[in-house]
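Inspection log for the structure reproduced underneath, given as C-alpha cells.
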Amino acid sequence: MRKNKLLHSIYVRFVLIFVGVLFFSSTLSFGIITTIHLGSIKADVQNQLIDRTKTIQKLVINKKTPINEAVSYFKGDSNILVFNNIEKLLSDKRLTSLSSVSADLKDGKIISGELTGKAAWPFSAVYLNEHYLVVLPNMENNQIDKFRNTAKTYLLTTILLGSLLTLLAVSMIVKPIKAITKASIEVANGHFDIRIKEKGNDEVTELARNFNIMAKELKANEYLHKEFVSSVSHEFKTPITSIHGFGKLLKDKQTSEELREEYLDIIIAESERLSKLSTNLLLLTELDHQVNILQKGSFSLDEQIRTVLLLLQEQWDHKNIELEVDLEEVSFIGNEELLQQVWINLMVNAIKFTANAGTISVKLKVRDDFILASISDNGIGIAESEQEIIFDRFYKADKSRSTSGTGLGLSIVKNIVQLHKGRVWVESELGDGSTFYVQLKKMAT
C-alpha cells in the first residue's frame with residue numbers, strides 16, 4: 001500500500017520525469033557530439049599513422065635502417081606490428097579485415113583505413129623489405145580513447161549532478177504543495193485560521209494566495225453562519241415569547257374583553273411577523289442556492305414598478321405620502337418575480353421611514369449601457385457608518401425597534417440584484433432622508 005502511494009506521489013513523479021528527460025537529452029547529446037567529433041579525431045589519428053609509416057619507410061629505404069630499429073623509434077607513440085608473411089598477419093584477429101587489401105600491399109603502397117569489428121581502429125600498413133608493417137594507435141594512450149572517456153565522464157557527471165539538482169529543485173517545488181495539502185486537511189477539520197506563506201509570483205504562490213483567500217472567506221462565513229443562527233433564534237424567540245405570554249393572559253377569566261381584543265391583536269401581529277420572517281428566510285435560502293434564478297424572461301421594468309406602487313397604495317395613502325414618479329420606458333430580461341420583490345422591499349422601507357405627509361420619489365432612467373432606478377424618501381436618514389452594513393442580514397438601522405421588520409428586506413434586495421449582475425447602494429444623511437439606487441445592465445441575459 002505504501003509502495004503504491006509512493007509511486008503516485010507527485011514528488012516521485014516529478015523526479016522520474018526530470019531524471020528521465022535529463023538522461024534522454026544527455027544521452028542524445030553524447031551521441032550527437034560523438035558522431036560529429038569522433039570522425040574528425042579518427043581522421044587526425046589516421047594522418048598521424050600514415051606520417052609515421054612514411055617516416056619508417058624512408059628510414060628503411062633511404063637510410064638503410066633495419067626495420068626493427070626504425071620501428072623502435074615510434075614504439076611509445078604507436079602500436080606497430082611486424083609480420084614476416086601475410087598468413088601471420090591475417091592470423092591476428094584484429095587484422096583479418098586486411099585480407100581484401102593484401103594484394104595492394106605487395107606493390108609497396110601505403111594502405112590506410114579503418115579496421116572492422118568492435119574497435120574500428122584506424123590503421124596504416126605497408127610491405128617493406130619482405131615484411132608486412134601495420135601501424136595502429138597506442139591502445140593505452142590515444143586521442144580516440146581519451147575523447148570517448150572524456151565524453152563518458154561528462155555524460156555521467158551531468159546525469160549525476162543533474163539528478164541531485166533535480167531532487168533539490170523538485171523538493172523546493174513540492175514543499176509548498178505539501179504545505180497546501182496539509183493546510184487543506186486542517187481547513188477540512190474546521191480550522192479556518194490556517195494560512196500559507198506566500199513567496200514569489202509563480203503558479204504555486206498564486207495557488208497559496210487563493211487558498212488563503214478561501215480560508216479567510218470560510219472563516220468569515222463561519223462567523224456569519226453563527227451570527228445568522230443567533231439572529232434567527234432571536235428573531236423567532238421574540239414573537240414566540242410574546243404569543244406564549246399573551247396566550248397565558250387570555251386564559252385568565254378575569255381579563256376584560258377590551259384587554260382580550262388587545263392581546264389577540266398582538267398575537268395576530270406577532271404571528272404575521274413570524275410568517276413574514278419564515279417567508280423571507282425561505283427566499284434568502286433560494287437566492288443563496290440560485291433556485292429558479294435561470295427562469296428569465298423579457299418584461300417592462302417601468303410597468304412592473306407602476307404595478308408595485310399600486311399594490312402598496314393603501315400603505316402610502318394611509319400616511320398621506322406624496323409620490324413623485326418619473327419612469328422611462330425600458331424592457332429588461334430577468335426574473336420578473338424576484339425583481340418585483342426588490343421594488344416592494346425598497347418601497348415598503350421608504351414608506352416605513354417617511355413621516356406622515358412626506359414625499360417619496362421614484363425614478364427609472366435609461367443610460368447607454370445600464371438602467372438606473374432610484375427610490376428617495378425624506379425620512380430619518382442613515383448614518384454613513386451604517387450605509388454598507390445595512391444590507392447585512394438581520395441588521396436594523398432602527399436600534400430602538402420602534403418600526404416593525406425582520407431585518408432581511410434589504411439583504412434580499414442585494415442578493416436579487418447581484419444575481420442579475422447589478423449593484424445596489426444607498427446615499428443618505430441623518431435627518432435628510434435616503435436614496436436607494438439599483439443599477440442593472442441593459443437587456444441582461
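The values are calculated or read from the model by the stated rules, or taken from the named source; none is laboratory data. In this text, all values refer to a predicted model and were calculated from it rather than measured experimentally. Note that we place each Cβ from the backbone using ideal geometry, even for glycine, and neighbour counts take in every protein chain shown.
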Run ASN47 past the list (1) within 30 Å of PRO122 (Cα to Cα); (2) modelled with pLDDT under 75 and report the number of the one that doesn't hold. (2)
Does ALA208 satisfy the criteria of being at pLDDT 75 or above and surrounded by 15 or more Cβ atoms within 10 Å (Cβ to Cβ)? yes
Got at least one residue in the range 23-30 being among the hydrophobic types (A, V, I, L, M, F, W, C), modelled with pLDDT under 75 and within 26 Å of GLU114 (Cα to Cα)? yes
Those residues that are touching a Gly at 6+ places or on another chain (Cβ under 9 Å) and of a type in the set (Phe, Trp, Tyr), I need them from the range 242-270; list them, please. TYR263
Take GLU217 and decide whether it is within 30 Å of LYS414 (Cα to Cα) and at pLDDT below 80. yes
Starting from residues that are of a type outside the set (Gly, Ala, Ser) and in a loop (DSSP other than H, G, I, E, B), keep the ones in the range 342-378 and report whichever is nearest to VAL330 (Cα to Cα). ARG367
When residues of the range 225-283 are limited to those that are modelled with pLDDT of 80 or more and basic (Lys, Arg), the one farthest from GLY190 (Cα to Cα): LYS253
Checked the range 286-312 for anything at pLDDT 70 or above and assigned to a helix (DSSP H, G or I); matches are LEU301, ASP302, GLU303, GLN304, ILE305, ARG306, THR307, VAL308, LEU309, LEU310, LEU311
Which members of the range 291-342 meet the condition of being acidic (Asp, Glu) and crowded, with 16+ Cβ neighbours inside 10 Å? ASP302, GLU336
Could you identify the single residue in LYS118, LYS54, LYS93 that is among the basic types (Lys, Arg) and either surrounded by 16 or more Cβ atoms within 10 Å (Cβ to Cβ) or modelled with pLDDT of 80 or more (or both)? LYS54
What are the residue pairs meeting all of these: first residue in the range 40-56, first residue farther than 13 Å from ILE80 by Cβ and assigned by TED's automatic domain parsing to the domain that holds VAL135, second residue part of a helix (DSSP H, G or I) and of a type in the set (Phe, Trp, Tyr), Cβ atoms under 8 Å, and 6 or more apart or on different chains? ILE41/PHE147
Do we have VAL170 as closer than 30 Å to ILE194 by Cβ and at pLDDT below 80 here? yes
